[in-house]
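Read-outs throughout are calculated quantities, based only on the coordinates presented, and are distinct from any laboratory measurement. All figures in this text were calculated on a predicted structure; none of them were measured in a lab. Virtual Cβ from ideal backbone geometry, glycine too; neighbours counted across all protein chains shown.
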Amino acid sequence: MNPFDDPGAVYVVLVNDEGQFSLWPEFAEVPDGWRIAHRAAARATCIEFIEGNWTDMRPASLVRAARTTAP
């Protein structure tokens with residue numbers, strides 16, 4: 001089974017500097033450029049956290065650029 005799809009596994013939520021979130025198996029090393037945004041929890045809890053906090057799918061750099069070019 002793919003560790004990213006295991007409903008019984010423990011996960012963390014990662015976020016990068018662009019504000020993008022990722023569901024990540026607790027046992028796996030956190031990749032460079034990412035940090036833990038939500039502690040280890042059940043898959044459903046982590047997905048709920050992502051859905052409640054990642055409300056704008058655009059990368060943060062694009063959001064900033066749009067603000068500086070808006071009339």
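Number of residues in the range 46-71 that are of a type in the set (Val, Ile, Thr), surrounded by fewer than 10 Cβ atoms within 10 Å (Cβ to Cβ) and part of a helix (DSSP H, G or I) equals 2.
Selection of the range 20-34 for residues being surrounded by fewer than 12 Cβ atoms within 10 Å (Cβ to Cβ) and either of a type in the set (Ser, Thr, Tyr) or closer than 20 Å to Val63 by Cβ (or both) yields only Gly33. Scanning the range 10-19 for residues that are in a loop (DSSP other than H, G, I, E, B) and surrounded by fewer than 16 Cβ atoms within 10 Å (Cβ to Cβ) gives Asp17, Glu18. Only a single criterion out of (1) closer than 25 Å to Asn2 by Cβ; (2) surrounded by fewer than 16 Cβ atoms within 10 Å (Cβ to Cβ) is not satisfied by Arg43, namely (2).
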